[in-house]
1. So residue 92 ticks every box in (1) open to solvent by 70 Å² or more (accessible area, probe 1.4 Å); (2) under 25 Å from residue 108 (Cβ atoms) but one. Which box is left unticked?
2. Can you go through 28, 50 and tell me which one is modelled with pLDDT of 85 or more, open to solvent by 60 Å² or more (accessible area, probe 1.4 Å) and within 12 Å of the chain's Cα centre (by Cα)?
3. Only residues that are among the aliphatic types (A, V, I, L, M) and modelled with pLDDT of 90 or more: list them for segment 69-90, please.
4. When you look at residue 99, is it at pLDDT 85 or above, hydrophobic (A, V, I, L, M, F, W, C) and open to solvent by 70 Å² or more (accessible area, probe 1.4 Å), yes or no?
5. So which residues in segment 58-80 are within 23 Å of residue 47 (Cβ to Cβ) and surrounded by 13 or more Cβ atoms within 10 Å (Cβ to Cβ), if there are any at all?
6. Of everything in segment 2-25, what is at pLDDT 80 or above and open to solvent by less than 60 Å² (accessible area, probe 1.4 Å)? Give them in sequence order.
7. Show the residue pairs that are 6+ apart or on different chains and have beta-carbon atoms under 9 Å apart, the first residue being within segment 37-65 and over 20 Å from residue 26 (Cβ atoms), the second being assigned to a helix (DSSP H, G or I) and of a type in the set (S, T, N, Q).
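The values are calculated or read from the model by the stated rules, or taken from the named source; none is laboratory data. Model, not experiment: these values are computed from the prediction. Every residue, glycine as well, gets a Cβ built from its backbone with ideal geometry; the counts of neighbours run over all protein chains shown. Accessible surface areas use protein heavy atoms only, side chains included; no ligands, DNA or RNA. Shrake-Rupley method; radii C 1.70, N 1.55, O 1.52, S 1.80 Å.
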Amino acid sequence: RSSFGLGGDPFWVGHPVIQSFCFLILSLDAAVSGLRLHLLHTWMASLFSLVFFLYTIIYNSTGSDDNPKHVYRALNWTENAGESAACLVVVTFVVCPAVSLGMFAMTR
C-alpha cells in the first residue's frame, strides 16, 4: 500500500480534492484581493513547515508499539524515517518556496 505523501489515507480520495479546492480558493483570493506579497514572506511558510514537522516528530514519539501515533502515514517517523525526512526536505525547501514564488508572481 502506497500513500499520497501528505495526502493521508491513500484510499480516501476526498482529501486531495479538498486540498486542491483550498489551494484554488487561496489562489483566487490572492489574485482578486490585490494584497501585495513579498519574496521575504517565503521564510514564513518554510518556518511553519519546519514547526509542523517538529510537531509530528514529538507527536509520533508519544506513541507506543501497541498504540502507534502518526499524523500522516508518510510522516511515521518510527517506521519510515527516511521517507519522512525526504518529505520534510521537499515540502520545506521546494514546495513552500515554489508556492510562495507563485503567489508573489500572481500578485505582481
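1. In the conditions (1) open to solvent by 70 Å² or more (accessible area, probe 1.4 Å); (2) under 25 Å from residue 108 (Cβ atoms), residue 92 misses (1) alone.
2. Of 28, 50, the one residue that is modelled with pLDDT of 85 or more, open to solvent by 60 Å² or more (accessible area, probe 1.4 Å) and within 12 Å of the chain's Cα centre (by Cα) is 50.
3. 85, 86, 88, 89, 90
4. Criteria not met by residue 99.
5. Within segment 58-80, 59, 60, 70, 71, 72, 74, 75, 77 meet the criteria.
6. Once the filter is applied, which keeps residues that are at pLDDT 80 or above and open to solvent by less than 60 Å² (accessible area, probe 1.4 Å), segment 2-25 yields nothing.
7. These pairs meet every condition: 50/92; 53/84; 53/92; 56/84; 57/84; 60/84.
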